[in-house]
1. Stick to the Cα atoms of segment 10-74, pair each with every other, and give me the Kirkwood hydrodynamic radius in Å at one decimal.
2. Taking only DSSP H segments of four or more residues, each worth -39500 (n - 2.57), what value at 222 nm results for the chain once the sum is divided by all its residues, to the nearest 500 deg cm²/dmol?
3. What FRET efficiency comes out for residue 106 versus residue 57 if R0 is 22 angstrom and r is the Cβ-Cβ distance? Round to the nearest 0.05.
4. In degrees between 0 and 90, to the nearest 10, how far off the longest principal axis of the chain does helix 4-28 point, with axes built from Cα atoms?
5. Among 96, 16, 64, which one shows the highest mean-square fluctuation when the chain is modelled as a Gaussian network with alpha-carbon springs under 10 Å?
6. Please give the length that would be gained between residue 69 and residue 36 if that part of the chain were fully extended, namely 0.36 nm times their separation in residues minus their C-alpha to C-alpha distance (nm, one decimal).
7. For segment 64-111 and segment 21-55, compute the distance between their C-alpha centroids and round to whole Å.
8. By per-residue mean of other Cβ atoms within 10 Å, what is the highest-first order of 43-54, 20-31, 97-108?
C-alpha cells in the first residue's frame, strides 16, 4: 500500500507530466496523450507513468519517441518541481491498455 507521501508526489508528477506531454503532443500534431496513472516507488526514486495515447495506431511509435526523450522530459519535470522535490525520480513510461481491454470485454459480451 502506498504511503500518503507517495500518493501526493504521484499526483504532483501526474499533473506536471500531463502539462509536459500536452505540449509534446501539440508539437507532433494529430495525437492525444494523457497520463492515466503515476506510481512512485517507496524510496521515491522511480516514477512509473501509464500513458493513454489516441489514436491507437500510433501508440507504439509515440511510446518509442517518449522513451527516447525521457531525459528531456525529466529535465522539464525538474524545472517545474524544483521547489517541491529534492530529487526528481527516474521516469518509466508504459502504455495504459485499460481502454482496449474494456472494449474487448464489451465486444465479447455483445456477441
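1. 12.2
2. So the helix-based figure for the chain works out to -17500 deg cm²/dmol.
3. So, using R0 = 22 Å, E works out to roughly 0.65.
4. Approximately 60 degrees, to the nearest ten.
5. 64
6. 10.0 nm
7. Rounded to whole Å, the Cα centres lie 3 Å apart.
8. Top of the packing list down: 43-54, 20-31, 97-108.
None of the figures in this text is laboratory data; all of them are computed from the coordinates on show. A quick note: this is a predicted structure, and the numbers were derived from the prediction, not measured. Heads up, the Cβs are rebuilt from the backbone with ideal geometry, glycines too, and the neighbour counts pull from every protein chain shown.
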